[in-house]
Amino acid sequence: MTRSGWTNQTLFDPLIWSAHILLGVGLAAPCMTIEPRMGRHSTLGAWLGLIDDPHTYSILTGIEALLRGDGPWIGAILLLFSVLFPIAKLIALRVAVVERRRGTPRNPTHRLLGKLGKYSMADVFVVALLVVASKSFPGGTRVHLRWGLYVFAAAALLTMVLTCVADRRQNPPERMPDPNRNSPPL
């Protein structure tokens, strides 16, 4: 393995670990705050105790609330695509890079990484759909995005870039033949 390029240890390893850290922080950090409202009667509703206080969710606490509440299927889908899937992608990426450095030929880990890479933004899209759906709550309920969502998106984007770079290193594009070289005389 050459010491140049993105897959050398001095550059690629810290980026993979950064993606791990960003994912962990993005899953646990505040993602959105839901502020219940009753339209123009919000003040009266709050005074009468009909409106809950604003509630802030991280991705993990949101999934937990869905699993314990009325949405266990949605919670399970979010758990799969927003937690387990990104973790599996990072583990597969790390294993593929280590195996490549050892000179191991393309194996099932590399193929798995290629398949996981096709769904690289699925986790962010699932969370985005949840945010869009929650913005349509009645009575002017507000959803405020928090910094954890941006950290989570950054982890997904960094993982996607690292996966593409590692895959390119594993399968370099074929070179096109030079048309000026060895061409028959006219």
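Observations, loosely collected:
- The stretch 137-156 - residue that is part of a helix (DSSP H, G or I) and over 9 Å from the mean Cα position of the chain (by Cα) and, of those, modelled with the lowest pLDDT: Pro138
- Residue satisfying condition, being at negative phi, modelled with pLDDT of 85 or more and out of contact with any Gly (no Cβ under 6 Å at 6 or more places or on another chain), within set Ile59, Ile34, Ile63: Ile59
- Given (1) out of contact with any Phe, Trp or Tyr (no Cβ under 6 Å at 6 or more places or on another chain); (2) crowded, with 16+ Cβ neighbours inside 10 Å; (3) within 28 Å of Ala166 (Cβ to Cβ); (4) at pLDDT 90 or above, index of the condition Gly26 fails: (1)
The values are calculated or read from the model by the stated rules, or taken from the named source; none is laboratory data. Nothing here was measured: the structure is a model prediction, and the numbers come from that model. Backbone-built Cβ (ideal geometry, glycine too); neighbour counts: all protein chains shown.
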